[in-house]
Amino acid sequence: MIARMSRRAAIIAVCTTLAIACLAPALASAAGPKSVVMFGESGDYVAPGLRTYEGAKQVKLNGSSAGVSISVDGPNQRAFGFSMNFTPARDDLLAPGSYSGAQRSSFRDSGRPGIDISGDGRGCNTQAGRFIVKDLGLTASGRVNRLWLLFEQRCEGGRAALFGEVKVGVPPRPGPLRATPSALRWPDRRVGQRGTTVPLTFVARRAVTPGRAALRGSGRRAFTVTANRCRGRRLATGDRCQVYVRFTPRRKATARATLSLQGMGSAARIALTGGTPR
């Protein structure tokens with residue numbers, strides 16, 4: 001209830017500034033850095049494996065406070081595209097906060113947020129999931145021009161999840177390495193149950209030789225670096241490397257940590273989160 005009230009308070013503040021334009025259904029493509037990273041667990045029907053989309057040609061954002069849609073296209077005709085839709089409950093407006101109990105957007109029950117990720121000729125009849133809006137920016141006419149969102153979707157009530165990050169128009173952190181994604185939340189696992197091992201990608205902004213990958217934070221023991229394929233590699237501008245991380249909860253609680261990869265005296269960081277079923 002507290003989170004819901006704070007979200008409404010944020011909406012009221014925005015609408016006070018933007019007046020009635022905050023409610024406008026107008027759509028617009030956002031400018032600035034754009035990326036979508038999806039991890040499909042083994043058994044996920046829509047998009048198994050790792051898929052990364054970057055740049056204005058591959059990622060397009062449209063939406064308003066009534067909901068957002070993201071279309072992603074592969075770098076060539078042989079690469080498949082996907083569509084992603086995230087909506088608040090029918091009597092609510094989208095704002096930074098956590099949205100749990102999501103259902104298929106077009107058929108969601110009253111009071112439920114909506115989620116719908118499909119592509120490659122595949123979609124779900126029913127969806128269950130959640131998403132977290134970490135940052136949301138609106139123009140004076142109510143159009144979305146900035147979005148940072150973490151998501152999780154499950155098809156047909158299955159166990160396998162599709163999860164990842166959408167980040168559009170959010171200024172990147174400075175440094176020789178750029179992290180993709182910049183934040184990730186794993187699907188819930190029981191205490192002691194191993195989660196999916198995920199390759200986290202680092203892109204060189206200039207020539208750099210990455211060093212040690214370290215986990216920091218109160219929940220760091222719930223995460224394991226299973227492989228660091230960046231350390232000691234000489235990366236030219238635009239080159240990529242990956243650090244593999246696994247989540248295994250040690251107690252019934254939400255674990256939070258940060259993965260840091262050293263490079264030229266500074267570190268690129270990825271915020272990690274994982275939890276257990278309620």
Dividing the helical contributions, -39500 (n - 2.57) per DSSP H run of n ≥ 4, by the residues of the chain yields a 222 nm value, nearest 500 deg cm²/dmol, of -2000 deg cm²/dmol
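Can you tell me how much longer the chain between Arg206 and Lys252 gets when fully stretched, taken as 0.36 nm per residue apart minus their C-alpha distance, in nm with one decimal?
Numbers: separation 46, 0.36 × 46 = 16.56 nm, distance 4.16 nm.
This chain segment gains 12.4 nm when fully extended.
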For the range 84-93, Karplus couplings with θ = phi - 60° (6.51, -1.76, 1.60), whole Hz, Gly/Pro x: 9, 10, 9, 9, x, 4, 4, 9, 10, 10
Using the 10 angstrom Cβ neighbour count as an exposure proxy, how do Lys134, Lys167, Lys60 rank, fewest first? Lys60, Lys134, Lys167
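For Thr126 and Thr224 in one chain, what is 0.36 nm times their gap in residues minus the Cα-Cα distance, to one decimal in nm?
Details: separation 98, 0.36 × 98 = 35.28 nm, distance 3.31 nm.
Using 0.36 nm per residue and subtracting the Cα-Cα distance, I get 32.0 nm.
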Packing-based ranking, highest mean first, of 142-152, 219-229, 188-198 given that Cβ atoms within 10 Å are counted: 142-152, 219-229, 188-198
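Convex hull volume of the Cα atoms in the chain, per residue, in Å³? Don't skip to the end; give the middle numbers.
On the way: hull volume 38.0 nm³, N = 278.
Convex hull volume per residue, Cα atoms: 137 Å³.
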How would the range 177-274 be classified by its alpha-carbon gyration tensor: rounded, prolate or oblate, with rounded meaning a/c under 1.5 and the a/b versus b/c comparison settling the rest? prolate
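Can you compute the charge dipole magnitude of the chain about its Cα centre, using +1 on each Lys and Arg Cβ and -1 on each Asp and Glu Cβ, nothing else charged? Give it in debye, rounded to the nearest 20.
1240 debye
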Any residue on another chain or 5+ positions along whose placed amide H is under 5 Å from the amide H of Met264 is listed here as Thr209
Rounded, prolate or oblate for the range 65-204? Axes are the square roots of the Cα gyration tensor eigenvalues, ordered a ≥ b ≥ c, and the cut-off for rounded is a/c under 1.5. rounded
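What's the exposure ranking of Thr126, Thr209, going from fewest to most Cβ atoms within 10 Å? All intermediate terms of the calculation are to be shown ahead of the outcome.
Working: Thr126 11, Thr209 15.
By the 10 Å Cβ count, ascending, the order reads Thr126, Thr209.
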Show the residues, 5+ positions off or on another chain, whose built amide H is closer than 5 Å to the amide H of Leu138. Asn145
Listing Ile117, Ile270 from the residue with the fewest other Cβ atoms within 10 Å to the one with the most, what is the order? Ile270, Ile117
Show which aspartates and glutamates lie in cross-link reach of Lys60 when reach means a straight Cα distance below 12 angstrom and same-chain residues fewer than eight apart are skipped. Asp73
The farthest towards the positive end of the charge dipole of the chain, of the residues Asn145, Phe223, Thr87, given +1 on Cβ of Lys and Arg and -1 on Cβ of Asp and Glu, is Phe223
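Here, each number is a calculation from the coordinates, and none is a lab measurement. Treat the numbers as computed from the prediction; the structure is a model and nothing was measured. Ideal geometry is used to build each Cβ from the backbone, glycine not excepted, and the neighbour counts take in all protein chains shown.
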